[in-house]
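To start, the structure itself, in structure tokens.
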Amino acid sequence: MATAILRPAATQPDLSENDRTAHDKSTLVRPRTVLERFPAGGPRGSWPAEEFARARRMEGQPAEVVMDLASDAFLVIVRGVS
């Protein structure tokens, strides 16, 4: 999965006002609920965050795993819920 590096709209003087507004809206943090946190240093071959997310998906929740680099942990989240 590719990650785009976005510059603040203020540093992009070639944007129109409408483009700047759209850019600012698209770069805001989207609401999500963290269901569980798992340390990244788990035993080799162990995937507790993925297993937890799979169990939530089996229950009908659109759970996914993301990495929180600041805390060195895997988060199981549901997007669009605050």
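None of the figures in this text is laboratory data; all of them are computed from the coordinates on show. Predicted model, so just to flag it, every value in this text is computed and none were measured. Backbone-built Cβ (ideal geometry, glycine too); neighbour counts: all protein chains shown.
Stretched out fully, how many nm does the piece from Glu59 to Thr21 gain, at 0.36 nm a residue minus the Cα gap? Before the final figure, lay out the partial values.
Details: separation 38, 0.36 × 38 = 13.68 nm, distance 3.77 nm.
Full extension of this stretch gives 9.9 nm more.
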Counting other Cβ atoms within 10 Å, keep those with at most 15, restrict to DSSP loop, and tell me which trypsin sites (Lys or Arg not before Pro) in the stretch 31-82 are left. Arg44
